[in-house]
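Shown next, in C-alpha cells, is the structure this report addresses.
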Amino acid sequence: MQETMRLAGLIQERISDTLARHREELTALGPDALPLLDEALGFLTGGKRFRAQFAVLGFRAARELDTAGDVTGELSRVLDAACALEFFHAAALIHDDVIDRSDTRRGRPSVHRLFGAMHRQHGWRGSADHFGLAGAILLGDLLQSWADELMQAACDATPDRDAARRAREHFNRMRSEVAVGQYLDVLEEQQPEFAGHAEQLERSTRVLVFKSAKYSVEAPILIGAALAGASAELESALADFGLPVGVAFQLRDDQLGVFGDEELTGKPIGDDLIEGKRTVLVALARENLPVTQRRIFDDLLGTELDAEQVAILQRTIRESGAVERVEEMISRNIERATDALTGAPIRGDAAAQLTELAERAARRTH
C-alpha cells in the first residue's frame, strides 16, 4: 500500500509539473486561456490511476524498477509513459461525457457543463450549451496532444530503439481502438431494435473490448513491458493476462453504472439506462425476460427516466439473473488472467502485484 501511495504521488507530481510547464509556455495567450488550463489540472487531480499502475507493473514484469528511491532516468521515462496514459484517459472521459450528455463526473460538473455554467455566469452572447461543448472538445483534444508528447518523451529516452518503437505502436493502436470502439458504442445506441441474443451479446462484447477493456489494462501493461525490452513471449503472456482483466474491469464498471453508490462513483445512477447503453449486462437481462416484459424494458431503455422508472429497470435486471451471470463472468476472467501468468517468463514479484491489482480493479465499488 505504501508503494502504491508513493507511485500515486509521483504520478500526480509529474502531471502537475507537465501542466505547469505547458501553462508557462502558453503565457503569451493571456488570461482568457486560464480557465481551460485550470480545468486541465482540476480534471487530472486524483483518480485511481489503474492505467498508470498497470504500465509500471508491465515494465516490472520484464525488468526490476525501484519506485521507492530517487527518480532515476529509467523511472522518469516510465512515469512519462504512465502519465501519458492518464492524460489520454482524461481526454477520453471528457469526450465521453460530451457524447453521453453526462451532467457530472467524479462528483463534480462534467467539463462541458462547467464551461456552459461559466458562459452563463458572465452573461456572454450566444449559446452557453454550445460554448460548453466546444470548451470540452478542445480541452480533450489538448490533453490528447499532451499525452502524445509525454509518450514520445518516454520513447525518446529509451536506449533500445526497437523497444521504443514497440511501445509507440502499442500506444498508437490503443488510441485508434478507443476511438473506433467509442463510435461503435454510439452506433449501437442508434439501432431501432436489439439484435437476436447471440448477435447482440457479441456486439455488446465488441464495444466493451475495444472501447474500454483493451485500453484500461492490456495496452498499459504492454506499453510498460515494451519500454523494458520485454520479449515477444512475455508480451504475449501479458496480453493474455491483460485482456480478461480489462473485460472484468469494464463488466464491473457497467454494473456500477446501474447499481453503484452515487456518492462513491460520482455519477448519477441510471445514466447508462437513460442513455440506452446496450451493455453485456443489459443483453443478458433481456435474454430471460418474457416477451411482454422485454418489450416494456426496451421501451423504457434510452428514455428520460424518472427515479421510479430507474428502480423498475434495476429490479428487472436483478430478477433476470443477469447480475449473477456478470459476476460469474468477472470471476472467470480473473481466473483466466491468473492462469495466463502461470509458467510465463515474468518476474515473480511483478506477477504477484499484477494479480493483486487485477483483483482490485475487478472488485472495486467505485
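Each row is one residue, and each column tells you yes or no for (1) surrounded by 22 or more Cβ atoms within 10 Å (Cβ to Cβ); (2) over 18 Å from LEU37 (Cβ atoms); (3) β-branched (Val, Ile, Thr).
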site	(1), (2), (3)
ALA117	no, no, no
ARG120	no, yes, no
HIS130	no, yes, no
ALA134	no, no, no
LEU139	yes, no, no
LEU143	yes, no, no
MET151	yes, yes, no
ALA167	yes, yes, no
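When you go through (1) in contact with a Lys or Arg (Cβ under 8 Å, 6 or more places away or on another chain); (2) among the charged types (D, E, K, R); (3) farther than 15 Å from LEU85 by Cα one by one for ASP156, which number turns out not to apply?
Every listed condition holds for ASP156 apart from (1).
For residues that are in contact (Cβ under 8 Å) with a residue 40 or more places away in the chain and hydrophobic (A, V, I, L, M, F, W, C), scanning just the stretch 1-18, find the one that is most open to solvent (accessible area, probe 1.4 Å).
So, considering only residues that are in contact (Cβ under 8 Å) with a residue 40 or more places away in the chain and hydrophobic (A, V, I, L, M, F, W, C), the one most open to solvent (accessible area, probe 1.4 Å) is ALA8.
Within the stretch 142-160, count every residue that is in a loop (DSSP other than H, G, I, E, B) and either of a type in the set (Val, Ile, Thr) or closer than 16 Å to HIS170 by Cβ (or both).
Of the residues in that region, 2 qualify.
In the stretch 326-349, how many residues are open to solvent by less than 80 Å² (accessible area, probe 1.4 Å) and under 30 Å from LEU313 (Cα atoms)?
Looking only at that region, the number is 7.
Determine, yes or no, whether LYS267 is buried (at least 18 other Cβ atoms within 10 Å of the Cβ), among the basic types (Lys, Arg) and under 20 Å from LYS214 (Cα atoms). Full working, then the answer.
Working: buried (at least 18 other Cβ atoms within 10 Å of the Cβ): yes; among the basic types (Lys, Arg): yes; under 20 Å from LYS214 (Cα atoms): no.
So LYS267 does not fit the description; no.
Pairs please, first residue from the stretch 287-308 and touching a residue at least 60 places away in the same chain (Cβ under 8 Å), second anywhere and open to solvent by 50 Å² or more (accessible area, probe 1.4 Å), Cβ atoms under 7 Å, 6+ apart in sequence or on different chains.
Close Cβ pairs (under 7 Å, with a partner that is open to solvent by 50 Å² or more (accessible area, probe 1.4 Å)) amount to GLU287/HIS197.
Go through the residues of the stretch 183-194 one by one and say whether even a single one is aromatic (Phe, Trp, Tyr), free of Cβ contacts under 8 Å to residues at least 24 places away in the same chain and farther than 22 Å from GLY73 by Cβ.
Within the stretch 183-194 (the criterion being aromatic (Phe, Trp, Tyr), free of Cβ contacts under 8 Å to residues at least 24 places away in the same chain and farther than 22 Å from GLY73 by Cβ), the answer is yes, since at least one residue qualifies.
Output yes when any residue across the stretch 51-70 is more than 30 Å from ALA232 (Cβ to Cβ) and under 22 Å from the mean Cα position of the chain (by Cα), and no when none is.
The answer is no; no qualifying residue exists.
Residues of the stretch 24-50 being assigned to a helix (DSSP H, G or I), open to solvent by 20 Å² or more (accessible area, probe 1.4 Å) and charged (D, E, K, R), which ones?
Listed by number, the residues that qualify are GLU24, GLU25, ASP32, ASP38.
Quick one: would you say ALA226 is in a helix (DSSP H, G or I), open to solvent by less than 10 Å² (accessible area, probe 1.4 Å), of a type in the set (Gly, Ala, Ser) and within 24 Å of LEU79 (Cβ to Cβ)?
yes
Please work out which residue is nearest to ILE274 (Cα to Cα), limiting yourself to the stretch 180-202 and to residues that are within 19 Å of the chain's Cα centre (by Cα) and open to solvent by 60 Å² or more (accessible area, probe 1.4 Å).
TYR183
Consider ILE221 carefully, then state whether it is over 30 Å from ARG165 (Cα atoms) and either open to solvent by 20 Å² or more (accessible area, probe 1.4 Å) or under 20 Å from the mean Cα position of the chain (by Cα) (or both). Step through it out loud before you land on a result.
Details: over 30 Å from ARG165 (Cα atoms): no; either open to solvent by 20 Å² or more (accessible area, probe 1.4 Å) or under 20 Å from the mean Cα position of the chain (by Cα) (or both): yes.
No.
So for the stretch 342-353 (the condition being over 27 Å from GLU235 (Cβ atoms), part of a helix (DSSP H, G or I) and either touching an Asp or Glu at 6+ places or on another chain (Cβ under 8 Å) or aliphatic (A, V, I, L, M) (or both)), does at least one residue qualify?
No.
Could you list, in sequence order, the residues of the stretch 51-96 that are part of a loop (DSSP other than H, G, I, E, B) and either within 22 Å of ILE346 (Cβ to Cβ) or without any contact (Cβ under 8 Å) to a residue 40 or more places away in the chain (or both)?
ARG63, GLU64, LEU65, ASP66, THR67, ALA68, GLY69, ASP70, THR72
With respect to GLY69, is the statement that it is at positive phi and open to solvent by 20 Å² or more (accessible area, probe 1.4 Å) true?
Here the answer is no, as GLY69 does not meet what is asked.
State yes or no: is VAL207 part of a helix (DSSP H, G or I) and either touching a residue at least 40 places away in the same chain (Cβ under 8 Å) or buried (at least 23 other Cβ atoms within 10 Å of the Cβ) (or both)?
yes
Given the condition modelled with pLDDT of 95 or more and either part of a helix (DSSP H, G or I) or within 25 Å of the chain's Cα centre (by Cα) (or both), answer yes or no: does some residue in the stretch 257-264 qualify?
Taking every residue of the stretch 257-264 in turn, none turns out to be modelled with pLDDT of 95 or more and either part of a helix (DSSP H, G or I) or within 25 Å of the chain's Cα centre (by Cα) (or both).
For the stretch 272-305, give me each residue that is part of a loop (DSSP other than H, G, I, E, B) and either under 15 Å from GLN190 (Cβ atoms) or of a type in the set (Ser, Thr, Tyr) (or both).
GLY276, LYS277, ARG278, THR279, LEU301, GLY302, THR303
The values are calculated or read from the model by the stated rules, or taken from the named source; none is laboratory data. Keep in mind that this is a model prediction, so the values were computed, not measured. Heads up, the Cβs are rebuilt from the backbone with ideal geometry, glycines too, and the neighbour counts pull from every protein chain shown. Only protein heavy atoms, including side chains, enter the accessible area calculation; ligands, DNA and RNA are left aside. Shrake-Rupley method; radii C 1.70, N 1.55, O 1.52, S 1.80 Å.
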